[in-house]
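Values in this text are rule-based calculations from the coordinates and carry no lab data. Predicted, not measured: the structure shown is a model, and the values here were computed from it.
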Amino acid sequence: WIVLILIPLLVLMFYQISRHYARASTLAASFTPLRSEELHHIIIVPIASLNVPAMQGIAFGRSITPNVIAVHIVGENDDTGPLREQWMTYISSRRERWANEAQLRAAELGDRPGATYEIEAIKRGPQLVKINSPYRALVSPLVAYVRSVRDLNPQATVTVVLPEFVPAHFWEGLLHNQSAFRLKLALYREPRVIVVNIPYHLAGAGETVTPTPESVG
């Protein structure tokens with residue numbers, strides 16, 4: 001009698017699974033364009049400070065589009081002076097490089113539509129946006145900002161770049177990536193929003209990592 005019960009249940013389960021896959025294949029919707037030339041990117045890079053992972057995220061974003069926005073969450077009593085100085089130094093040190101990139105890109109684009117905007121964006125470099133969060137909440141303000149950028153740019157695809165620390169020891173994973181994981185979960189169901197993780201390997205005991213300015217953008 002067990003067989004008589006289990007076989008119909010298994011058949012019913014497999015039938016429902018088959019129906020699900022068939023329905024999923026027909027109802028799958030694309031929230032981003034299917035042709036590469038129709039994609040218009042906006043890259044958002046959350047940063048706590050202008051450290052190596054932040055600069056790597058910005059450099060990665062600029063390799064896709066000049067429309068890169070670095071977002072910094074500011075607490076009620078946070079001193080933003082050091083970050084502002086670091087940002088100005090970072091921008092000024094790359095002005096000449098970006099001007100050369102803009103000149104080369106201008107020669108490629110000619111008088112195509114949108115060429116002027118792209119050239120100016122390359123010259124300007126990434127933007128820094130500060131969001132006030134009195135209780136130092138991180139995920140909610142960032143998600144709200146991502147939604148606002150997406151809604152204000154209905155033709156654009158918003159990509160959030162998150163550094164993902166790869167620790168040398170498994171137990172160190174408990175000390176890193178918690179905020180990034182919560183932010184990734186919060187953005188998971190947002191249409192026209194893509195989350196990209198950039199692995200950033202932490203040096204093990206006795207190892208040193210010395211990045212050069214060229215390696216971070």
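Just the projected area, averaged over all directions, of the convex hull on the alpha carbon atoms of region 83-137: how many nm²?
That works out to 5.2 nm², a quarter of the Cα hull's surface.
Rounded, prolate or oblate: pick one for region 60-107, where a ≥ b ≥ c are the square roots of the eigenvalues of its C-alpha gyration tensor, a/c under 1.5 means rounded, and failing that, prolate if a/b is larger than b/c, else oblate.
Cα axes put region 60-107 in the oblate bin.
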